[in-house]
Amino acid sequence: MTVNTPDRPQTAHPGTAGRQPAPPEAPSQRRRQGPSPEKGELVRPLTRRQIDDRMRELGELYTNTSSHQVRASDASGQVRSAAFRRRLAGHMRRPGFELLVAETAGPSGAIGLTACAYGFPVRGDGPWWDGLDGYLPESLLRVAAFGRLFAIADILVERRVRTQDQSREWNLARRLQKRLLRDHAAALGVTLIDRDNADTLEALLSWGWRRLSADAREASHLAPSRLLVLR
């Protein structure tokens, strides 16, 4: 730690016209940074049985973290939660499925979920995820054939994770997606998002995801979803 101190003021010599003491320099304003989530939030995988036991809690996390994107005319929180749980239950059946949660202790000491991310490997000879085969260029098909491609289906995080310190390695979303790739020795991650979901696109790009270049993209620009890649 460095401490900045003002220079010692210069005084006049006795009997001479001296210089006025120099005013002390104002201490520099340090850029304020938010606390690292790594210090307060534990990231760990859940088994399938643990997911079943906490399915309702995961559904509530989904509605709470997506509420800022929902219009008044959209489905109710209960309907969206139920749809998410059905989608998650289907994804759980895929080989290599993994779900990570971030947990932290509240003021009362109770442990609660603050974030979640899950996905599964994309196999070169296995079933495709939600029509993903229509979006993968030949280069990614080769990665899948070697078992090094991993699809991240959902990243559920609070609003602050989307808007604060997105580029820092300890950003909670970055920690979750990096852990999923590392656990499966994946070279690349892929995900599909709705083409009109600008909020999620902005967040993913801030966490290191990238669009495919125009010459490598096989899907039409009119397709309902867009493919993003994470290295």
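Per-structure values
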read-out	value
Residue satisfying all of: in segment 168-193; assigned to a strand (DSSP E or B) and surrounded by fewer than 22 Cβ atoms within 10 Å (Cβ to Cβ); modelled with the highest pLDDT among these	LEU188
Residue among LEU188, LEU181 that is more than 24 Å from TYR62 (Cα to Cα), free of Cβ contacts under 8 Å to residues at least 60 places away in the same chain and within 22 Å of the chain's Cα centre (by Cα)	LEU188
Any hit, segment 148-163, residues being open to solvent by 60 Å² or more (accessible area, probe 1.4 Å), out of contact with any His (no Cβ under 9 Å at 6 or more places or on another chain) and over 24 Å from TRP207 (Cα atoms)	no
Residue match in segment 84-95 (condition: under 18 Å from the mean Cα position of the chain (by Cα) and over 24 Å from GLU57 (Cβ atoms))	no
Scan of segment 107-126 for residues that are farther than 17 Å from GLU60 by Cα and within 24 Å of the chain's Cα centre (by Cα), ordered by number	GLY119, PHE120, PRO121, VAL122, ARG123
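Residues are listed down the side, and each one gets a yes or a no for (1) closer than 26 Å to LEU46 by Cβ; (2) modelled with pLDDT under 90:
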residue	(1), (2)
ARG160	yes, no
THR163	no, no
LEU204	yes, no
GLU218	no, yes
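Rundown of residues vs (1) assigned to a strand (DSSP E or B); (2) under 19 Å from PRO45 (Cα atoms); (3) without any contact (Cβ under 8 Å) to a residue 24 or more places away in the chain, yes/no style:
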residue: GLY96; (1), (2), (3): no, yes, no
residue: GLU103; (1), (2), (3): yes, yes, no
residue: THR114; (1), (2), (3): yes, yes, no
residue: ALA117; (1), (2), (3): yes, yes, no
residue: PHE120; (1), (2), (3): yes, yes, no
residue: TRP129; (1), (2), (3): no, no, no
residue: ARG142; (1), (2), (3): no, no, yes
residue: PHE150; (1), (2), (3): yes, yes, no
residue: ALA153; (1), (2), (3): yes, yes, no
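The values are calculated or read from the model by the stated rules, or taken from the named source; none is laboratory data. Owing to the predicted nature of the structure, the values given are computational and were not obtained by experimental measurement. Note that each Cβ is placed from the backbone with ideal geometry, even for glycine, and that neighbours are counted across all protein chains shown. When the accessible area is computed, the model is the full protein with side chains, heavy atoms only, and any ligands, DNA or RNA have been set aside. Shrake-Rupley method; radii C 1.70, N 1.55, O 1.52, S 1.80 Å.
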